[in-house]
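A quick write-up on the structure given underneath.
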Amino acid sequence: GSYTASPGINCIREDVASYIERRDGGVPADPDNIYLTTGASDGITTILKILVSGGGKSRTGVMIPIPQYPLYSAAISDLDAIQVNYYLDEENCWALDVNELRRSLKEAKAYCNPKVLCIINPGNPTGQVQSRKCTEDVIHFAWEEKLFLLADEVYQDNVYSEGCQFHSFKKILYEMGPEYYNNVELASFHSTSKGYMGECGYRGGYMEVLNLHPEIKGQLVKLLSVRLCPPVSGQAAMDVVVNPPIPGEESYSQFIKEKESVLNNLAKKAKLTEDMFNKIPGMHCNSLQGAMYAFPQIFIPSKAIEEAKVHKMAPDMFYCMKLLEETGICVVPGSGFGQREGTYHLRMTILPPAEKLKVLLEKMKDFHIKFLEKYA
């Protein structure tokens, strides 16, 4: 029941470092660069607090993907920083385009000081998995523009599509050579909440921070000390995640069986959801390469858009409320995550059991067809 060291229990930080080294094929990890956190969210908001400064045109700009996980827009608003949007390419399976990063950065420099670039890989809510080439391009861009990289990698275990592979920013940074590895500032995040574990309630997580100036590192430790320490049970849960049973141990076969069962089921449900959505007229869903969600684009007729205005709702919020009222199915409108003007989406989890998921998707299909008929 006692407090621990503010950055987390030392032996667990050492275990996290060993895990990162194994994951990244031997790339060295220093426990002194690792901080245990109350879920990944705590780490992300703490780093943003360290980075945000200035006023007016010198106020810190934070580049985030659109669509984004709303933690980012909320934290940016709370810290009175400036949100700088860059759009993922829906036509290209939600890929990240460096040309779009350049456009976004150039425009933002007119009204703020962009200092931070956030990447979510695999994506939430979009489910894309970033290619190695794309990761290299982003790192080069951050190095060129002297941006601090935030790599949200909480879904790193959730990769389903053939030909897709998770590449950590830390590993690619190291392999790009000392000019990058010794200069690009990077904070990467992981959590007990996602993956095959799904232990959200323990609030366990860690962040690894590279190339932080020693004085700033001192300030980070002070800031972490204000909240005393992460929950000890969450730290222990993180230790279990980074220290799974190994071959020869009694529980190894059971662990592998359960882990593979969870991930294989998620992969099947990702394919099922993608296929079902793409059979519905007026819906299109990109390949669900990773994470735990579908983010299909939905066609909403102009008559429904007009009715949504009467109710003072975004069109996709109107659609999702109708879906909830008529079927009991609760999904989140795309406007909650950000989307290109004139497009509408919804986010739906793929977590329900496969048989329930099939029934749910059939109900959504029937609802959507009736919705189109009513408002056509």
Among the residues listed as A142, A74, the single one being free of Cβ contacts under 8 Å to residues at least 24 places away in the same chain and assigned to a helix (DSSP H, G or I): A74
Residue selected from the stretch 324-376 under the condition closer than 20 Å to A270 by Cα and among the β-branched types (V, I, T), by the criterion nearest to the chain's Cα centre (by Cα): T349
Selection from the stretch 344-376 of residues that are assigned to a loop (DSSP other than H, G, I, E, B), in contact (Cβ under 8 Å) with a residue 40 or more places away in the chain and farther than 25 Å from Q68 by Cβ: A376
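Per-residue answers, yes or no, for (1) open to solvent by 40 Å² or more (accessible area, probe 1.4 Å); (2) in contact (Cβ under 8 Å) with a residue 60 or more places away in the chain; (3) in a helix (DSSP H, G or I):
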residue	(1), (2), (3)
A270	no, yes, yes
M276	no, yes, yes
I280	no, yes, no
M317	yes, no, yes
K322	yes, no, yes
E325	yes, no, yes
Residue match in the stretch 159-167 (condition: open to solvent by less than 40 Å² (accessible area, probe 1.4 Å) and closer than 17 Å to I64 by Cβ): no
When residues of the stretch 184-236 are limited to those that are open to solvent by 20 Å² or more (accessible area, probe 1.4 Å) and among the small types (G, A, S), the one nearest to A17 (Cα to Cα): A236
Identity of the residue in the stretch 47-66, among the small types (G, A, S) and not in a loop (DSSP other than H, G, I, E, B), that ends up nearest to F189 (Cα to Cα): G61
Count of residues meeting criterion [touching a Pro at 6+ places or on another chain (Cβ under 8 Å), buried (at least 21 other Cβ atoms within 10 Å of the Cβ) and modelled with pLDDT of 95 or more] in the stretch 2-34: 3
Residue identified as of a type in the set (A, V, I, L, M) and in a helix (DSSP H, G or I) among V209, V241: V241
Filter result for S104 (of a type outside the set (A, V, I, L, M, F, W, C), touching a strand residue (DSSP E or B) at 6+ places or on another chain (Cβ under 9 Å), outside any helix (DSSP H, G or I) and surrounded by fewer than 23 Cβ atoms within 10 Å (Cβ to Cβ)): no
Selection count where residues are over 25 Å from C229 (Cα atoms) and part of a strand (DSSP E or B), scope the stretch 13-40: 0
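The values are calculated or read from the model by the stated rules, or taken from the named source; none is laboratory data. Given the structure is predicted, the values throughout are model-derived calculations rather than measurements. Neighbour counts run over all protein chains shown; Cβ positions are idealised from the backbone, glycine included. Ligands, DNA and RNA are excluded from the accessible area calculation, which covers all protein heavy atoms including side chains. Shrake-Rupley method; radii C 1.70, N 1.55, O 1.52, S 1.80 Å.
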